[in-house]
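Asker: Sending over a structure as structure tokens; questions will come in a sec.
The values are calculated or read from the model by the stated rules, or taken from the named source; none is laboratory data. Since the structure is predicted, the reported quantities are computational estimates derived from the model, not experimental observations. Cβ: placed from backbone, ideal geometry, glycine included. Neighbour counts: every protein chain shown. Just so you know, the surface numbers come from the protein's heavy atoms only, side chains and all, with ligands and any DNA or RNA stripped out. Shrake-Rupley method; radii C 1.70, N 1.55, O 1.52, S 1.80 Å.
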Amino acid sequence: MELSVLNKEGKETGKKVVLPEAVFGIEPSDHAIYLDVKQFLANNRQGTHKAKERAENSHSTRKIKKQKGTGGARAGSLKSPVFVGGGRIFGPRPRNYSFKLNKKLKQLARFSALSYKAQEQSIVVVEDFTFNAPKTKDFVAFKKNINIAEGARSLVVLPDYDENIYMSARNVQRSEVTIAANLNTYDVMKAKTLVLFESTIEQFNNLVNA
């Protein structure tokens, strides 16, 4: 797939880039994408939920009424889950939700997500640039120049970390910036438009053997 390279003003530079078929032209695997997104979300869960069970509740252990003769069920403690303020039955406990996936499967998921974006023609390639200083209005103007609608979710993939671009995009809603080495399936699928820097394309060739 061949795309024109734009500058940050949104004008064509006359250059063309070819997206590697092994990354952007495969038959997408929906199941691989599902597993990778599921793992990404699970690994980001804190798992710190906790409710007090009967043994952890601080109530008096005094027997609250006599065993027989009341006409009701026996009750021995206010810690019982049947009383308001009592312990919770089988309450949530802290746990680790993370799980592992094979490296090749995660690679397949990532390539599948990128291939979907290529099929949808949702990829824009821009020549490498930076901002002189971190300014939100510069990044907003850049998105407008390359015809990304206001409010549309976008993902900008840089070859390497650029603090000025990161800081400029930080306060722009539905705009995310990452580097090629940290690209994940979830962020790609979530974005409506994928913006690739020209030198980022070269790094995708290295992903094939990663």
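Asker: Considering only residues that are open to solvent by 60 Å² or more (accessible area, probe 1.4 Å) and in contact with a strand residue (DSSP E or B) (Cβ under 8 Å, 6 or more places away or on another chain), which ones fall in region 154-164?
Answerer: Scanning region 154-164 gives 160, 161.
Asker: Could you check, for region 192-207, whether at least one of its residues is buried (at least 18 other Cβ atoms within 10 Å of the Cβ) and either over 20 Å from residue 18 (Cα atoms) or of a type in the set (Gly, Ala, Ser) (or both)?
Answerer: No, region 192-207 contains no residue that is buried (at least 18 other Cβ atoms within 10 Å of the Cβ) and either over 20 Å from residue 18 (Cα atoms) or of a type in the set (Gly, Ala, Ser) (or both).
Asker: Same structure again: How many residues are surrounded by 12 or more Cβ atoms within 10 Å (Cβ to Cβ), of a type in the set (Ser, Thr, Tyr) and outside any helix (DSSP H, G or I) if we restrict to region 29-74?
Answerer: Qualifying residue count for the region: 1.
Asker: Within region 174-191, can you find the residues that are open to solvent by less than 20 Å² (accessible area, probe 1.4 Å) and outside any strand (DSSP E or B)?
Answerer: Those that are open to solvent by less than 20 Å² (accessible area, probe 1.4 Å) and outside any strand (DSSP E or B): 180, 183, 185, 188, 191.
Asker: Just give me the residues in region 86-128 being within 19 Å of residue 24 (Cβ to Cβ) and of a type in the set (A, V, I, L, M, F, W, C), in sequence order.
Answerer: The answer is 105, 108, 109, 111, 113, 114, 118, 123, 124, 125, 126.
Asker: Within region 1-28, restricting attention to residues that are within 24 Å of the chain's Cα centre (by Cα) and of a type outside the set (A, V, I, L, M), which residue is surrounded by the fewest Cβ atoms within 10 Å (Cβ to Cβ)?
Answerer: Once the filter is applied, the top-ranked residue is 27.
Asker: Looking only at region 110-124, decide whether some residue is surrounded by fewer than 17 Cβ atoms within 10 Å (Cβ to Cβ), aliphatic (A, V, I, L, M), modelled with pLDDT of 90 or more and not in a loop (DSSP other than H, G, I, E, B).
Answerer: No, because not a single residue in region 110-124 is surrounded by fewer than 17 Cβ atoms within 10 Å (Cβ to Cβ), aliphatic (A, V, I, L, M), modelled with pLDDT of 90 or more and not in a loop (DSSP other than H, G, I, E, B).
Asker: Name the residue, out of 171, 164, that is over 25 Å from residue 39 (Cβ atoms) and touching a Pro at 6+ places or on another chain (Cβ under 6 Å).
Answerer: Matching residue, one of 171, 164: 164.
Asker: Look through 140, 82 and report the one residue that is open to solvent by 70 Å² or more (accessible area, probe 1.4 Å) and either over 30 Å from residue 17 (Cα atoms) or in a loop (DSSP other than H, G, I, E, B) (or both).
Answerer: Checking each option against the conditions leaves just 82.
Asker: I'm trying to understand the selection: among the residues of region 145-167, which are over 20 Å from the mean Cα position of the chain (by Cα), free of Cβ contacts under 8 Å to residues at least 60 places away in the same chain and in a helix (DSSP H, G or I)?
Answerer: If the condition is that a residue be over 20 Å from the mean Cα position of the chain (by Cα), free of Cβ contacts under 8 Å to residues at least 60 places away in the same chain and in a helix (DSSP H, G or I), then 163, 164 are the ones that fit.
Asker: Another question, then. Please go through region 25-63 and pick out each residue that is within 14 Å of residue 86 (Cβ to Cβ) and among the hydrophobic types (A, V, I, L, M, F, W, C).
Answerer: 51, 55
Asker: Another question, then. Could you grab the pairs with beta carbons closer than 9 Å, sequence gap of 6+ or different chains, first residue in region 173-199 and farther than 18 Å from residue 120 by Cα and hydroxyl-bearing (Ser, Thr, Tyr), second one assigned to a helix (DSSP H, G or I) and open to solvent by 30 Å² or more (accessible area, probe 1.4 Å)?
Answerer: 175/140
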